[in-house]
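One structure is given below, encoded as structure tokens.
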Amino acid sequence: MMKNILLINGRRIAYNDAPVAENTVPLVLLHGFCEDSSVWSSILPKLRKLRVVRIDLPGFGGSDQPLAPGMEGYAEAACAVLNELGIGQCVLAGHSMGGYTALAFAQKYPERLAGLALVHSHPFEDSPERKENRFRGIDMLRSGKKDLYVAQLFPGLFAPDFARAHTEILESLVRQGRRQPEAGIIAALEGMIDRADHADTLKTAPCPVLLLGGELDSIVPPDWLYRVAHLPEIAEIHILPGVGHMGMFEAPDNTAEILIRFYRFCESRLPANDI
Ligand code: MLT
């Protein structure tokens, strides 16, 4: 699918917009680390009744390097796309690093949110071990070992049985990861290392929050989601059984259904003239 390009200070931000007949708030999807917006393709047909906007975060897919560092820089890029499309409010869903971005967006632009969905994501800052791991990744990337780095990244994201049975999905993600420029991957690692804790952002979330996790997710264990589910005024939590970190591939029907239900709930709370 051809992507639209928005130019900000000479840098491209690539996105897809799928308007629908109904005039409605869009569902905006943000992808995770070392991926691009095509990662949502597995559930797109199921979301066809919604207006879905997918954004390539800066440094990934068709988007140039970020203008501003960290998750805030990604959030600014997402906001620039909404502004370009004349979108006031949206339901924003972010997968993993996309969820970290969605939280930065919620802090910066709370008035733009009708709903916030964290898909295999969480509000905590990195532990010292995770930071260390990311620094090792940056060293590998700087010493020209991107292919190796990417190859070892994806297998651990899936539940083991799924990974064994679906090597083609893993291979296509690895191919997609290898296409991402080193500078974009390094900027994302640095941004994740530097990101702040967002428990307070959840506490003051101006809209319903969806926490969608996987029973076997080793990056975002379900326990992390249970620990924060009481923070927002309105929150919904779903843990997909037998699923790792990649629900859109491992359980596409469930993932799409839960997103649609959450979206409809958020939409139903909007004053009629905002829709
Ligand atoms: C992602 O999928 O975006 C990453 O696993 C997030 C992380 O490394 O914390």
Filter the range 1-54 for residues that are surrounded by fewer than 21 Cβ atoms within 10 Å (Cβ to Cβ) and within 16 Å of the ligand (Cβ to nearest atom) and give the result. 38, 42
State yes or no: is residue 87 over 12 Å from the mean Cα position of the chain (by Cα), β-branched (Val, Ile, Thr) and over 22 Å from residue 257 (Cα atoms)? yes
Of everything in the range 101-111, what is more than 14 Å from residue 33 (Cα to Cα) and either within 15 Å of the ligand (Cβ to nearest atom) or among the basic types (Lys, Arg) (or both)? Give them in sequence order. 103, 104, 108
When the range 62-101 is examined, which residues are found to be in contact with a His (Cβ under 9 Å, 6 or more places away or on another chain) and among the small types (Gly, Ala, Ser)? 94, 96, 98, 99
Identify the residue in the range 120-130 that is within 10 Å of the ligand (Cβ to nearest atom) and at negative phi and, among all such residues, is nearest to the chain's Cα centre (by Cα). 121
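Among the listed residues 115, 98, identify the single one that is away from the ligand (no atom under 15 Å from the Cβ), closer than 23 Å to residue 224 by Cβ, under 15 Å from the mean Cα position of the chain (by Cα) and touching a residue at least 60 places away in the same chain (Cβ under 8 Å).
115
Quick one: in the range 215-252, which of the residues that are β-branched (Val, Ile, Thr) and either under 19 Å from residue 125 (Cβ atoms) or surrounded by fewer than 19 Cβ atoms within 10 Å (Cβ to Cβ) (or both) is farthest from the ligand (Cβ to nearest atom)?
Out of the qualifying residues, it is 234.
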Among the residues of the range 123-165, write down those that are surrounded by 16 or more Cβ atoms within 10 Å (Cβ to Cβ), of a type in the set (Phe, Trp, Tyr) and more than 30 Å from residue 230 (Cβ to Cβ). 149, 154, 162
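Bear in mind these aren't lab numbers, they're just calculated from the coordinates by the rules spelled out. Remember, it's a predicted structure, so these values are computed and weren't measured experimentally. Quick reminder, even Gly has a Cβ in these numbers, built from the backbone with ideal geometry, and neighbours come from all protein chains shown.
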